[in-house]
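Input: a single structure, listed below in structure tokens.
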Amino acid sequence: MANPEAQMTTYFVTRHAGALEWAAERGIAAVPVTHLDTAIIKTGDTVIGTLPVNLIADINKKGAHYFHLAMDVPEQHRGRNLTAGEMNAFGAILEEYTAARVG
């Protein structure tokens with residue numbers, strides 16, 4: 001039987017200081033990780049990031065939630081670390097997604 005008092009954790013998968021600052025400005029308390037091992041994910045946990053669909057499926061299969069960090073980054077700004085201010089300018093938002101393997 002699951003412990004109803006078990007602590008749920010929010011993980012933010014990122015290597016970018018600007019993304020962590022952006023989250024902190026919004027009051028998002030998350031454990032920052034640069035690489036996600038889905039073995040640590042438990043039912044009720046939340047994962048934030050820009051992850052591939054196979055990892056999102058693993059997260060959802062465990063009963064956890066996935067929020068994608070989405071924004072429209074102009075081509076000239078891609079491939080580099082963005083500041084929290086740039087993320088705001090590019091419309092950064094968190095959107096919940098689910099995924100499941102077929103078959």
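Annotations for the structure displayed:
- Derived scalar couplings ³J(HN,Hα) [region 86-91; Karplus, 6.51 cos²θ - 1.76 cosθ + 1.60; whole Hz; x for Gly, Pro]: 5, 4, 4, 4, 8, x
- Other residues with beta-carbon under 11 Å from the beta-carbon of Thr43 carry, at +1 per Lys or Arg and -1 per Asp or Glu, a net charge of +2.
- For the chain, the solvent-accessible area of protein heavy atoms averages 64 Å² per residue (probe radius 1.4 Å; ligands and nucleic acids excluded).
- Region 23-33 - phi-based ³J(HN,Hα) in whole Hz, Karplus 6.51/-1.76/1.60, Gly and Pro as x: 5, 4, 4, 9, x, 7, 8, 9, 7, x, 9
- Ranking by accessible area, most exposed first, for Lys62, Lys42 with a 1.4 Å probe: Lys42, Lys62
- Relative contact order (percent, whole number), the chain, Cα cutoff 8 Å, 6+ residue spacing: 29 percent
- Based on DSSP H segments of at least four residues, each scored -39500 (n - 2.57), the chain has a per-residue ellipticity at 222 nm of -6000 deg cm²/dmol.
- In this structure Glu21 has an accessible area near 100 Å², from a 1.4 Å probe over the protein heavy atoms.
- HN-Hα J in Hz across region 50-66 - Karplus 6.51, -1.76, 1.60, θ = phi - 60°, x for Gly and Pro: 10, 9, x, 4, 5, 6, 4, 4, 4, 4, 5, 4, 7, x, 9, 9, 10
- As a fraction of the 1.4 Å probe accessible area of region 12-101, surface on carbon and sulfur atoms comes out at 54 percent.
- Each distinct pair of alpha carbons in the chain adds a 1/r term; the inverse of their mean, the Kirkwood radius, is 14.5 Å.
The values are calculated or read from the model by the stated rules, or taken from the named source; none is laboratory data. Everything numeric in this text was worked out from a predicted model, so none of it was measured. Note that we place each Cβ from the backbone using ideal geometry, even for glycine, and neighbour counts take in every protein chain shown. Areas reflect the complete protein model, heavy atoms only, side chains present, ligands, DNA and RNA absent. Shrake-Rupley method; radii C 1.70, N 1.55, O 1.52, S 1.80 Å.
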